[in-house]
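Right, one structure below, let's go through it.
The values are calculated or read from the model by the stated rules, or taken from the named source; none is laboratory data. No experiment lies behind these values; they were computed from the predicted model shown. Cβ sites come from the backbone with ideal geometry, for glycine too, and all protein chains shown count toward neighbours.
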Amino acid sequence: MTSDLATTNMLLGIMAAVSVLEVLVLPAMFAGGFVLYRRLMRTVTELEARHVAPASARINAILDDVRDVTSVVRGAADSTDSAVRAGLAWLLGRFGWVRRAA
């Protein structure tokens with residue numbers, strides 16, 4: 001049995017070269033990912049400043065207007081309700097239909 005180690009040595013050399021390439025490429029991939037992350041976050045921040053913030057301000061203004069209108073309508077409804085109740089009480093009292101407490 002002859003032991004020819006040339007093939008084994010060649011395969012070990014290829015594996016060593018691939019390991020060296022992995023050691024060189026892995027930090028480069030991390031650095032590239034970090035740069036890509038920073039660019040993406042800067043773009044998201046710019047988009048938020050240009051589009052989301054003005055839209056949020058407009059929506060908040062609309063909600064403030066809705067809140068004001070709602071409070072006016074609620075006040076009008078309360079005063080109308082009390083006026084109707086007073087009118088009904090007067091009318092029922094006028095005709096003698098007074099409720100008795102149970």
Suppose the filter is in a helix (DSSP H, G or I), under 24 Å from the mean Cα position of the chain (by Cα) and among the aliphatic types (A, V, I, L, M); does residue 77 pass it? no
Residue 18 - would you say it is more than 28 Å from the chain's Cα centre (by Cα), modelled with pLDDT of 95 or more and surrounded by 10 or more Cβ atoms within 10 Å (Cβ to Cβ)? yes
Out of 44, 52, report the one residue that is at pLDDT below 90, surrounded by 10 or more Cβ atoms within 10 Å (Cβ to Cβ), out of contact with any Pro (no Cβ under 6 Å at 6 or more places or on another chain) and in a helix (DSSP H, G or I). 52
Looking only at residues in the stretch 80-100 that are part of a helix (DSSP H, G or I) and of a type in the set (Phe, Trp, Tyr), which one is surrounded by the most Cβ atoms within 10 Å (Cβ to Cβ)? 90
